[in-house]
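Take a look at the structure below.
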Amino acid sequence: MLELDARIRELLRAGQISEATTLALRVLGPEILGFLSGVLGDADGDEAFQSFSEHLWKSLDQFKGLCTMRTWAYVIARRAISKFRRGERRHLEGRVPISELQDVLEEVRKTRTTLAPDRQRLTKLRDELKIPDRMLLIMRVDRSLSFEEIAMAFADDPDALSAEELKRESARLRKRFQLVKRSLMERLRGGPSGALA
């Protein structure tokens, strides 16, 4: 991923935002689409992915490289989820797709895979979680993000986090993750199924 970050910064310095966005979507798009679909479901995740792609296009020139491009993509994806949940849907806003990205978006969508049957039960339980817990679980388990990366992804402005704030938020998310994981394991074993706090 370090090569991706270096290449994107190089393209941005050259003023090639379209090329930088296309590269980011080709490399990170399938992962982000899977994340959005995991949190919102396939149809809603697809709509949020379109919003994510547009926002990436419009904001990539603000990428400072203080976090990785992957983490930046999760920040934008989390914002797309928030906008979607507030009802800010594309068809209601009257926006049109970015024509330059349509081929890349179609390419990314074709990579969507179906879960193996043994993961479907866990996925069903995960889908019953509150959205923030679902995002946390997917980022940590399915995407193997560190707690520091997750803390940045959950921040409104990851570049503004001090080292102490990042450490504190990472510790809080680690504890939250342990609670979510423990609850899911109990439910998988048929134990208590109360709602997560």
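The values are calculated or read from the model by the stated rules, or taken from the named source; none is laboratory data. Treat the numbers as computed from the prediction; the structure is a model and nothing was measured. A quick note on method: Cβ atoms are made from the backbone with ideal geometry, for glycine too, and the neighbour counts reach across all protein chains shown.
Screening the candidates 91, 55 for the property of being closer than 30 Å to residue 10 by Cβ and either at pLDDT 80 or above or part of a helix (DSSP H, G or I) (or both) yields one hit, 55. Is it true that some residue in the range 66-84 is within 21 Å of residue 132 (Cβ to Cβ), touching a Ser or Thr at 6+ places or on another chain (Cβ under 7 Å) and surrounded by fewer than 19 Cβ atoms within 10 Å (Cβ to Cβ)? Yes, because at least one residue in the range 66-84 is within 21 Å of residue 132 (Cβ to Cβ), touching a Ser or Thr at 6+ places or on another chain (Cβ under 7 Å) and surrounded by fewer than 19 Cβ atoms within 10 Å (Cβ to Cβ).
Residue 13 meets all of the listed conditions (1) of a type outside the set (A, V, I, L, M); (2) at pLDDT below 90; (3) surrounded by fewer than 17 Cβ atoms within 10 Å (Cβ to Cβ) but one, namely (2).
With the structure loaded, tell me whether residue 26 is within 22 Å of residue 157 (Cβ to Cβ), part of a helix (DSSP H, G or I), at pLDDT 90 or above and among the basic types (Lys, Arg) or whether it fails that test.
no
The single residue among 164, 149, 128 that is at pLDDT 85 or above and crowded, with 18+ Cβ neighbours inside 10 Å turns out to be 149. Take the residues in the range 18-27 that are buried (at least 24 other Cβ atoms within 10 Å of the Cβ) and without any contact (Cβ under 8 Å) to a residue 60 or more places away in the chain, then tell me which one is nearest to residue 80 (Cα to Cα). Among residues in the range 18-27 that are buried (at least 24 other Cβ atoms within 10 Å of the Cβ) and without any contact (Cβ under 8 Å) to a residue 60 or more places away in the chain, the one nearest to residue 80 (Cα to Cα) is 24. When residue 135 is tested against (1) free of Cβ contacts under 8 Å to residues at least 60 places away in the same chain; (2) surrounded by 15 or more Cβ atoms within 10 Å (Cβ to Cβ); (3) of a type outside the set (S, T, N, Q), just one condition goes unmet, and that condition is (1). Of all residues in the range 1-10, those that are of a type in the set (D, E, K, R) and surrounded by 14 or more Cβ atoms within 10 Å (Cβ to Cβ) total 3.
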